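Trainee: Here it is, the structure in full.
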């Protein structure tokens, strides 16, 4: 028997033994082993509950790793530290502080496709400005409201992400195969959009003349205001007096940017 067939047969036998062992009682441990722990996977969602968190000291960065839920930001006069409440969350959901960063994590549940969406409220002291907010979504459906920070980074691998009302100095969007929609965004310095095969719809406050744009398109399609770009390697660097940089790199996907006068 050829060596390649021996390898394939050994591999298939090994896979069968692994799943046989898991079926006996190892399902709950799989999400804690090897590379799966980095993906934050769980077999099932159980014990729906709530979680409260209060930062122990000043925070500069917030990391949101949620794939099914609603995140609402609030400005509050009654607190001096960041407070977070989470409802309709399941086993494996966590909020923790690591140095000057808060991390909100929601696992993926393989065997439960129809569990309830998490409801997360983030309360920021009125005079506190977050330095960086990162949103990472690998798949699912997430909506975020009233986000204010110096820098906002949004990474959508797959699924649908919608942000309603956003204020920042720098905005970085990276959409691989998902759908990212941002409505009512005010950006003061720079917007960077990087799209693989996904779709981005971005509504920016301001006039077209306020933006200095650079566009690069592979096989996808980009529309910025009244201008449209498509085809193979369609590129433009538009010189203007605009003080806000708008940099778009689109491979196979679609980008639509609309400007709305302030």
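The values are calculated or read from the model by the stated rules, or taken from the named source; none is laboratory data. Everything quoted here is computed from the prediction, not taken from an experiment. Every residue, glycine among them, receives a Cβ derived from its backbone with ideal geometry; neighbour counts consider all protein chains shown.
Trainee: Could you list, in sequence order, the residues of region 184-209 that are crowded, with 17+ Cβ neighbours inside 10 Å and at pLDDT below 90?
Mentor: Once the filter is applied, which keeps residues that are crowded, with 17+ Cβ neighbours inside 10 Å and at pLDDT below 90, region 184-209 yields only 208.
Trainee: Output yes when any residue across region 56-78 is surrounded by 14 or more Cβ atoms within 10 Å (Cβ to Cβ), free of Cβ contacts under 8 Å to residues at least 40 places away in the same chain and touching a strand residue (DSSP E or B) at 6+ places or on another chain (Cβ under 8 Å), and no when none is.
Mentor: No, because not a single residue in region 56-78 is surrounded by 14 or more Cβ atoms within 10 Å (Cβ to Cβ), free of Cβ contacts under 8 Å to residues at least 40 places away in the same chain and touching a strand residue (DSSP E or B) at 6+ places or on another chain (Cβ under 8 Å).
Trainee: Now a separate question. Go over the candidates 172, 189 one by one and state the one that is within 25 Å of residue 74 (Cα to Cα), free of Cβ contacts under 8 Å to residues at least 24 places away in the same chain and not assigned by TED's automatic domain parsing to the domain that holds residue 80.
Mentor: Every option except 172 fails the conditions.
Trainee: Let me ask you something else. If we only count helices (runs of 4 or more DSSP H) wholly inside region 1-119, which ones have 2 or more residues that are modelled with pLDDT of 50 or more and not assigned by TED's automatic domain parsing to the domain that holds residue 157?
Mentor: 3-21
Trainee: Which residue, of 148, 217, 152, is crowded, with 19+ Cβ neighbours inside 10 Å and modelled with pLDDT of 95 or more?
Mentor: 152
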